[in-house]
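Here the structure comes first, spelled out in structure tokens, and everything after it is commentary.
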Amino acid sequence: MIRKSTYTLLLILLVLLAVVIFLQRTPGLNNGTPLLPTSTESPILMDLGDKSITAFTMSDDQGHVLKAKLDNQNNWFIEQPSGCLYSSDSLASSIAPIQTFKVLVSMEAPPALADVGLTRPTYQMDLTFDDGSTQSMKVGSIVPTGTGYYVQVNNDPVVVVSQYNIDSLFNLVSTACATPTPEPSITPLPSLLQTDVITESSITPEP
């Protein structure tokens, strides 16, 4: 006759066996680490790799154009507007962040370019690199939330990029070489005509 304690031991053994089988079939519990959701890093808008920018042309929908290139001393020289003397260091620091712009939203369904303002871009920038290659970035309208712009690089899918980043970059085209308001010129007053001074000696007495 089997004692009651024997049944108890068998029951405990079966429970332990079931626990072992459960742990073997559950990888997340088997290694002792919880299964946490992983965040996806936002992609870079323009991955330039080892390339460096040697020339660019920037424009906006107001007709402003800024065209610049690196000279033989590796300083930025502005070709258009003519006579613009904007600092080379300031220009370099202004365009450098373009390499860090990140995509805020990737469009699941490609929108019609006309619907997002990309047939007549708000801004456009054409880049030339040290290896001779080129890239073009077009900026359309602001997204409904007001946090970003619709952007297309070359013929890639349309994405959304931070409004702050875009406005900071393209602020150059309208301010770097803005023509100062000319000071009002002073019109000289007409000089007084010199007249002969009549003296008493010059008066001929009547006869």
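The values are calculated or read from the model by the stated rules, or taken from the named source; none is laboratory data. Nothing here was measured: the structure is a model prediction, and the numbers come from that model. So basically every Cβ, Gly included, is an ideal-geometry build from the backbone, and we count neighbours across all protein chains shown.
The figures follow:
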{"quantity": "Enumeration of residues in segment 50-82 that are touching a residue at least 12 places away in the same chain (Cβ under 8 Å) and part of a loop (DSSP other than H, G, I, E, B)", "calculated": "Lys51, Ser52, Asp61, Gln62, His64, Asn75, Pro81"}
{"quantity": "Residue match in segment 177-192 (condition: at pLDDT 55 or above, under 28 Å from Gly49 (Cα atoms) and surrounded by 12 or more Cβ atoms within 10 Å (Cβ to Cβ))", "calculated": "no"}
{"quantity": "Segment 63-116 - residue that is crowded, with 16+ Cβ neighbours inside 10 Å and under 16 Å from the mean Cα position of the chain (by Cα) and, of those, farthest from Glu41 (Cα to Cα)", "calculated": "Leu66"}
{"quantity": "Out of Ala114, Ala92, sole residue that is in a helix (DSSP H, G or I), of a type in the set (Gly, Ala, Ser) and in contact with a strand residue (DSSP E or B) (Cβ under 9 Å, 6 or more places away or on another chain)", "calculated": "Ala92"}
